[in-house]
Amino acid sequence: MNSADYDKALYYTLWGQWDDLLVLMVRTEDDFLSKKIEDFLHAFHYSSSEESIVRTHQNLIHYLEHAIDTDIEVIYVQ
C-alpha cells in the first residue's frame, strides 16, 4: 500500500481537486481506492440525486480514513 496515495486522495477530495483525483484514480495500484474514487466522480458528474453524491463522498472519505489509520498502525507495530 502506498500511504501517499491515501493522503493525496484525501487532500484532493477535501479541496475539490477533481482533475487531480481522476489522475490518482488511474495511477494508484489500490483497486479499492480506484473504485471508490470512480464511484464518487461518476456520481458527482452524472447523478441528479444529491443523496447519491453525498453517499459516495462519505464512502470515499470513510475508506481513506480507515486506510490511513490502518497503514499508520502497521508502520508503528513493526
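Each label point was placed 7 Å from the Cα along the Cα-to-Cβ direction; for Ser48 and His66 their separation is 3.2 nm.
Each Cα pair under 8 Å and six or more residues apart adds its sequence gap; the mean of these over the residue count of the stretch 3-77 is a relative contact order of 33 percent.
Per residue, the chain reaches -28500 deg cm²/dmol at 222 nm when only DSSP H runs of four or more residues are counted, each adding -39500 (n - 2.57). Extending 7 Å from the Cα toward the beta-carbon at both Asn59 and Trp18 defines two label points whose distance is 1.8 nm. If you fit an axis through the alpha-carbon atoms of helix 50-77 and take the longest principal axis of the Cα set of the chain, what angle between them do you get, 0 to 90°, nearest 10? Its long axis makes an angle of about 10 degrees.
Taking every alpha-carbon pair in the chain and binning the separations at 10 Å intervals from zero gives 20, 52, 23, 5, 1 percent.
Read the figures in this text as sums done on the coordinates, not as results from a lab. Since the structure is predicted, the reported quantities are computational estimates derived from the model, not experimental observations. Quick reminder, even Gly has a Cβ in these numbers, built from the backbone with ideal geometry, and neighbours come from all protein chains shown.
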